[in-house]
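Scroll down for the structure; my scribbles are underneath it.
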Amino acid sequence: MHRFANPARFMRMSAAVLPWCGPLAGGLIAVGLVLALFVAPPDYQQGEAVRIMYVHVPAAWMASFVYAVMALASAVGLIWRHPLADIAARAAAPLGAGFTLVCLVTGSLWGEPMWGTWWVWDARLTSVLVLFFLYLGYIALVNAFDEPARGSRAGAVLAIVGIINLPIIKFSVDWWNTLHQPASVFRLGGPTIAPSMLWPLLVMALGFMLFFAAMLLVRMRAALLAARLRALRMAASEDEARAPRRRPRALEEAR
Amino acid sequence: MDAIAHFLAMGGYARFVWPAYGVACAALLWMLVDSVGSYRRARRALDALEGKGR
């Protein structure tokens, strides 16, 4: 684990990974779009509206997955004081919030024609809305402290406590009555979705996953540069404070 | 031409399908612009600071 803790090593490794991870993500999403809009068949009940699935479901998977990444990084940061873990957790949060928002909005756009309502306060929809607020709360909390390390620690506790929401989201469709359909891909006994719809979905999901990985690395690189910038500025201002300096004229005259 | 119109109509669900794809594209673009932008800003500021020291 600590092999990757060295920021210089991280900068080198991420610089090597990004040139293929980014374009691969873009390519997969482009192929996924073609498959979703042109190749996948219309649903026998939902018609063309089923195409919303190819953005809604990958976004929903990412919403939960990114939260798990954020909570895991938070735990590593809290327990082992791993220098990159806090940075990873902070970098993941806005991305997770973005995916969750896409999930909520596309779900709403799918719900209106299929269920006859934009929104219903059932367990699945409400728990995903709670997930969105957990992301926003985390972002607000980590930025509420002058000292970044204290903000990260407070945020880490929130992220770890909030992980209880993930199984609630996953199993909400089994535990409670809901308009939302149950799992049709990640379920015991294998997927029940037709292969002609499963493949476009998986291509898009893999594209989203690699896109997240690329954006996470870029944001972590940016955070490391920003940390170096802060350290340099602090050192510069300390040098200035130590250097003998003439008292400002205004002060002199005031005496 | 008819084929394009037929495609865009999405079997009558155009006003749900296209906004859904639009929102997803907008969100992913925002993530890209915000992430790459923050990296470039930090890089520029750091280069300026370290260049001054030399």
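The values are calculated or read from the model by the stated rules, or taken from the named source; none is laboratory data. None of these values were measured; they are calculated from a predicted model. Note that each Cβ is placed from the backbone with ideal geometry, even for glycine, and that neighbours are counted across all protein chains shown.
A few points about this structure:
- Flag if B:VAL36 is facing chain A (nearest Cβ under 8 Å), surrounded by 13 or more Cβ atoms within 10 Å (Cβ to Cβ), in contact with a helix residue (DSSP H, G or I) (Cβ under 9 Å, 6 or more places away or on another chain) and more than 29 Å from A:GLU112 (Cβ to Cβ): yes
- Qualifying positions in the stretch A:201-244 - basic (Lys, Arg) and over 22 Å from B:ARG41 (Cβ atoms): A:ARG242
- Matching residues in the stretch B:10-29 - criterion: being facing chain A (nearest Cβ under 8 Å) and exposed (fewer than 14 other Cβ atoms within 10 Å of the Cβ): B:GLY12
- Any chance B:ARG44 is at pLDDT 90 or above, surrounded by fewer than 12 Cβ atoms within 10 Å (Cβ to Cβ) and more than 7 Å from chain A (Cβ to nearest Cβ): yes
- Just one of the numbered conditions (1) in contact (Cβ under 8 Å) with a residue 60 or more places away in the chain; (2) under 17 Å from the mean Cα position of the chain (by Cα); (3) crowded, with 18+ Cβ neighbours inside 10 Å is not true of A:GLY111: (2).
- Residues that are farther than 18 Å from A:PHE212 by Cα and either of a type outside the set (Lys, Arg) or assigned to a helix (DSSP H, G or I) (or both) were ranked within the stretch A:73-103; the one that is nearest to the other protein chains (Cβ to nearest Cβ) is A:PRO83.
- In the stretch A:184-230, of all residues being within 16 Å of A:PHE65 (Cα to Cα) and in a loop (DSSP other than H, G, I, E, B), the one that is modelled with the highest pLDDT corresponds to A:VAL185.
- All conditions in (1) among the aromatic types (Phe, Trp, Tyr); (2) within 14 Å of chain B (Cβ to nearest Cβ); (3) closer than 29 Å to B:GLY37 by Cα hold for A:PHE145, with the sole exception of (2).
- Tally of residues being charged (D, E, K, R) and touching a Phe, Trp or Tyr at 6+ places or on another chain (Cβ under 6 Å) across the stretch A:13-63: 1
- Residue count for the stretch A:149-200, restricted to those that are among the small types (Gly, Ala, Ser) and within 17 Å of the chain's Cα centre (by Cα): 5
- The stretch A:16-72, subset buried (at least 19 other Cβ atoms within 10 Å of the Cβ) and among the β-branched types (Val, Ile, Thr), residue farthest from the other protein chains (Cβ to nearest Cβ): A:VAL69
- Some residue of the stretch A:2-10 being of a type in the set (A, V, I, L, M) and within 12 Å of another protein chain (Cβ to nearest Cβ): no
- Only one of the listed residues (A:THR126, A:THR178, A:THR192) is free of Cβ contacts under 8 Å to residues at least 40 places away in the same chain, farther than 30 Å from A:VAL31 by Cβ, away from chain B (no Cβ under 14 Å) and not aromatic (Phe, Trp, Tyr). That residue is A:THR126.
- Within the stretch A:196-234, the set of residues being facing another protein chain (nearest Cβ under 8 Å) and among the β-branched types (Val, Ile, Thr) comprises just one member, A:VAL218.
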